[in-house]
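Sharing a structure with you now.
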Amino acid sequence: MAASTPSTPATAPVPFFLDDGAGGQRLCVHYPPAAAATGETAPRGQILLLPPFAEEMNKSRRMTALAARAFAAAGFEVLTIDLLGCGDSSGDFGDAAWGLWQDDVRLALDWLDARALPGTDGMKPPLWLWGLRAGALLAPAAFEALTDRPLNLLLWQPLTAGKLQLQQFMRLRVAADLIGGQAKGAVQAMRDQLARGEPVEIAGYLLAPALAEGLESAQLKPSARVRRIAWLELSTREDATLTPAATMAVDAWTAQGAAVRAAVCQGPSFWAAIEIEEAPRLIEASLAALTADADFATRPVEAEAA
């Protein structure tokens, strides 16, 4: 695994390419922790962004960059990665497969783990997997990859079943076919095409059968490997609460033994907005969760961020 990192000021985001070992490259951006860059202390933790699906990532780039800078300023080391076929990484979207994306997660984790030097207590810094929307479904790829480190999850509007993401994505094609008067049976026709081993074009993205199949079967289930979870959702309503499905998921993680902080922050659904949107309260709530002390699960996260 090779990485070429340009020489830039330590506190500036550093773009570079990770070699996947098979001739391909993944574009990454490294956000050095502000405190560690001065040589005063080790990072407060490491954070890996698990990006959302297809066009949702493009709509989310500003928010993830703003958050990564804020996390780094608070002393965390942050790494973002463009998966195979996405952004400026090797390949086209039609080349992507769920298993290959899982390999990309492990590739990024290996890079971060190699930098995770033990502190004075002999322990490596906490590792957070930052899953946005369907990116949360890639978290299990890390559960077996790093068995010697406790894992934490920072989840932004997470999906716990890939089937939902695939259905939503296919509806984009149905909406386009409605305009052309050809929507009848569109979803089944796409599924038949994928079953024959043929890719399907949806909203400018070529969806390969290997990616569709893996996404549809992907799930985020409670795991004893996870210690802390910050489950954060967005709503334009100030008095919004977690959906029943999210509440059930939070309860399941708590029963598994994880310390869970859950909150709904006021802000737009930036990953689906027509224009590029920001949700500063989501970043504030994330920072409150990331920097929380031993009573992690007992304080209302938005109260700290206010």
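For T247 paired with D19, estimate the spin-label separation in nm (one decimal), with each label point 7 Å from Cα along the Cα-to-Cβ line.
Label-label distance for T247 and D19, simple model: 5.3 nm.
Let me ask something additional. What is the angle, in °, between the Cα long axis of helix 280-290 and the longest principal axis of the Cα atoms in the chain? Nearest 10 is fine, range 0 to 90.
50 degrees
Here is a further query. So what is the accessible area of the chain per residue, in Å², with the probe set to 1.4 Å?
Spelled out: the 1.4 Å probe surface of the chain, per residue, equals 46 Å².
Label points 7 Å out from Cα along the Cβ direction at R115 and I276: separation in nm?
2.4 nm
Going 7 Å from the Cα of M123 in the Cα-to-Cβ direction, what parts of region 201-239 have a backbone nitrogen less than 12 Å from that spot?
In region 201-239, the label zone of M123 (backbone N under 12 Å from the point 7 Å along Cα→Cβ) covers 227-228.
Same structure again: Per DSSP H run of n ≥ 4, the term is -39500 (n - 2.57); total these for the chain, divide by its residue number, and report the mean residue ellipticity at 222 nm rounded to 500 deg cm²/dmol.
About -11000 deg cm²/dmol.
Out of the total accessible area of the chain (probe 1.4 Å, heavy atoms of protein only), what percent is carbon and sulfur?
Within the chain, the accessible surface is 52 percent carbon and sulfur.
Follow-up question, since we're still on this one. Rounded to the nearest 10 Å², what accessible area does K124 show when all protein chains are kept and the probe is 1.4 Å?
70 Å²
I would also like to ask the following. How large is the dipole of the chain about the Cα centre if only Lys and Arg carry +1 and Asp and Glu carry -1, each at its Cβ, rounded to the nearest 20 debye?
In debye, rounded to 20, the chain gives about 400.
Let me ask something additional. Sum up the charges of everything whose Cβ sits under 12 Å from the Cβ of W128, counting Lys and Arg as +1 and Asp and Glu as -1, but leave W128 out. Could you put the intermediate results ahead of the total?
On the way: positive: R44, R149, R227, R228; negative: E77.
Cβ neighbours under 12 Å give a net charge of +3.
The values are calculated or read from the model by the stated rules, or taken from the named source; none is laboratory data. This structure is a prediction, so every number in the text was calculated from the model and none was measured. With ideal geometry, Cβ positions are generated from the backbone for all residues, glycine too; neighbour counts draw on all protein chains shown. To get the accessible areas, we keep the full protein, side chains included, count just its heavy atoms, and leave off ligands, DNA and RNA. Shrake-Rupley method; radii C 1.70, N 1.55, O 1.52, S 1.80 Å.
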